[in-house]
Amino acid sequence: MTILVLGLGNPILTDDGVGVRVARLLRAALPPDCDVEVDEVSVGGLRLMERMVGHRRVLIVDALLSGTAPPGTVRRLTLDDLRQASDTRHSRSPHDADLITALDLGRRAGMTVPEEVVFVAVEVENVVDFGEEPTPAVAAAIPLAAAAARREIDRWLGAPVSDT
């Protein structure tokens, strides 16, 4: 498998589930014969890196709580952007290595870590309250984030993915 899409988050923590919701939308839209695996996870650091092993390209969809943009803003980030202090919700953990460190460790250990990792991040506002529905701005951003993810997949595959 060359492309892995990971929707990160907890779908019962209001906006924190945005990555999972986008992953579900993508999974339903991609044709079954497409060389793209879509999964939902709620891990970070070393466990996230382990999930990525064996894939050439990984697209991570996650909540972003930067406070620098309005809720619902969709951003494309790279690992270099992450190195420069952006903080996606599940790429770091005080009890684990951050994703950058985990990927570096995996590479040094001889694991087949991705050549390219891209994030589609949605600026969120509420990631602490229990709730199965995202806030309105984040809910409105879900199809936009799915479209951004789809563009990334199309770029990696070299052509638009057929829905037929």
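The values are calculated or read from the model by the stated rules, or taken from the named source; none is laboratory data. All figures in this text were calculated on a predicted structure; none of them were measured in a lab. Cβ coordinates were reconstructed from backbone atoms using ideal geometry, including for glycine residues, and neighbour counts include every protein chain displayed.
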Legend entry - Of the criteria (1) touching a helix residue (DSSP H, G or I) at 6+ places or on another chain (Cβ under 8 Å); (2) touching a residue at least 12 places away in the same chain (Cβ under 8 Å), which one E152 fails: (1)
Legend entry - Residues of the stretch 70-107 satisfying the condition of being modelled with pLDDT under 85, among the acidic types (D, E) and surrounded by fewer than 16 Cβ atoms within 10 Å (Cβ to Cβ): D87
Inset, instruction - Count, please, the residues in the stretch 2-40 that happen to be touching a His at 6+ places or on another chain (Cβ under 6 Å) and either more than 22 Å from V124 (Cβ to Cβ) or surrounded by fewer than 20 Cβ atoms within 10 Å (Cβ to Cβ) (or both). - result: 1
Legend entry - Single condition I60 does not satisfy, out of (1) touching a strand residue (DSSP E or B) at 6+ places or on another chain (Cβ under 8 Å); (2) farther than 18 Å from W156 by Cβ; (3) modelled with pLDDT of 85 or more: (2)
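So that you can scan it fast, the table gives a plain yes or no per residue for (1) outside any helix (DSSP H, G or I); (2) over 16 Å from L64 (Cα atoms):
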{"site": "G7", "(1), (2)": "yes, no"}
{"site": "V18", "(1), (2)": "no, no"}
{"site": "V22", "(1), (2)": "no, no"}
{"site": "A28", "(1), (2)": "no, yes"}
{"site": "P31", "(1), (2)": "yes, yes"}
Inset, instruction - Six or more apart or on different chains, Cβ under 6 Å: which pairs go from a residue in the stretch 15-42 that's free of Cβ contacts under 8 Å to residues at least 60 places away in the same chain to one that's assigned to a helix (DSSP H, G or I) and among the hydroxyl-bearing types (S, T, Y)? Could you list them? - result: none
Legend entry - Complete set of residues in the stretch 131-164 that are modelled with pLDDT under 95, touching a strand residue (DSSP E or B) at 6+ places or on another chain (Cβ under 9 Å) and farther than 19 Å from V5 by Cβ: G131
Legend entry - Selection from the stretch 145-164 of residues that are more than 14 Å from the chain's Cα centre (by Cα) and either surrounded by 15 or more Cβ atoms within 10 Å (Cβ to Cβ) or assigned to a loop (DSSP other than H, G, I, E, B) (or both): W156, L157, G158, A159, P160, V161, S162, D163, T164
